[in-house]
Amino acid sequence: MQWQDEGIILHTQSLGERKQIVSLFTATHGRCGGVFSINPKNRGWVQCGGKVKARWGARLENHLGHWILEPISTNIAMLLDTPGPLAALLSATSLCHVALPERHAYPYLYKRMEDTLKDLITPSWAQSYVFFELTLLDELGYGLDLKTCAVTGMGTELVAVSPRTGRAVCQDVAQPYQGKLLPLPSFICQKNNDTFPNNQEILDALQLSGYFLERYLLGRTLPSARARLLRQFMKVRKSV
């Protein structure tokens, strides 16, 4: 059987000297792996985050299959001098590679990832990445309820999230439980916000989504690429 799609490269693994197992997040077929033949002409663009036209083929649907890939755009080369966005790109691809079930389509998440990769060269890259992680949680059935307070039902002054339920709480409710709740940065709940969150707010947001990714979605330690992204903001906080 065969099919064609477009996709984003999530992971590559050498298979001898001239072949790689390439994992793609495709627009309509989800995450899928296959063998791709490497040569001097294509070696430079088969990198995580690159967008490609893909043709997958195998004798049976449950076989590993083979790829025929053509580059559409590359992202990693543009980010080599920007450690933060580069770390975000590698974190996004790593999370999708380990978290997404194979061959299950997630069109909304795919569009969100496309937008995030485009935003990596803009000043809004960090908040765009945060919303990518929240979308990943939501699409896989672990979405956080951040619209109203779990106790009062109010939709204002939401400042924290329960680590047990994933639901937001307002300032008055959170006050007696300081130290036991996860901070909820205001930019996550605000609509049409033209201001950029500061580094502490991004750090709080990454720790919020990371907690639920690790506990409920992955069930293990987050990928090393995600840890490097978190350290980027921890370094900035310490230097201020």
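Any read-out appearing in this document is the output of simple, stated calculations on the displayed coordinates, not a laboratory observation. All figures in this text were calculated on a predicted structure; none of them were measured in a lab. Glycine also receives a Cβ, built like all others from the backbone with ideal geometry; neighbour counts cover every protein chain displayed.
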Worksheet entry | the chain: Cys lacking any partner C-beta under 4.7 angstrom | Cys32, Cys48, Cys96, Cys189
Discussion item. Sequence gap at least 6, Cα distance under 8 Å: using those rules, report the relative contact order of the chain to the nearest whole percent.
Written reply: 15
Worksheet item: By counting other Cβ atoms within 10 Å of each Cβ, how are Arg167, Arg226 ranked from fewest to most?
Response: Arg167, Arg226
Practice prompt. Quick one: divide the alpha-carbon radius of gyration of the chain by 2.2 N^0.38 Å and tell me what you get.
Written response: 1.10
Fill in: Potential extension, Ser186-His66 segment - 0.36 nm per residue separation minus Cα distance
38.6 nm
Worksheet item: How big, in percent, is the set of alpha carbon pairs in segment 2-74 lying more than 16 Å apart?
Response: 40
Response to the item:
In nanometres, the difference between 0.36 nm per residue of separation and the alpha-carbon distance of Asn39 and Arg215 is 59.3 nm
Worksheet item: Given the pairs Lys53/Lys147; Lys118/Lys180; Lys19/Lys118; Lys51/Lys147, which are separated by over 32 angstrom at their Cα positions?
Response: Lys53/Lys147; Lys118/Lys180; Lys51/Lys147
Worksheet entry | Gain in span if fully extended, Ser224 to Lys147, counting 0.36 nm per residue against the direct Cα distance | 24.6 nm
Discussion item. So, R0 is 45 Å and r is the distance between the beta-carbons of Asn198 and Glu6; what FRET efficiency does that work out to, to 0.05?
Written reply: 0.80
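Just want to confirm a number: the relative contact order over segment 2-74, from Cα pairs under 8 angstrom separated by 6+ residues, in percent.
33
Given a Förster distance of 30 angstrom, what is the FRET efficiency for Met78 paired with Arg164, based on the Cβ-Cβ distance and rounded to 0.05?
Here the calculated transfer efficiency is 0.15.
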Item to complete: Could you let me know the centre-to-centre spacing of segment 9-29 and segment 86-101, using Cα atoms, in angstrom?
Response: 14
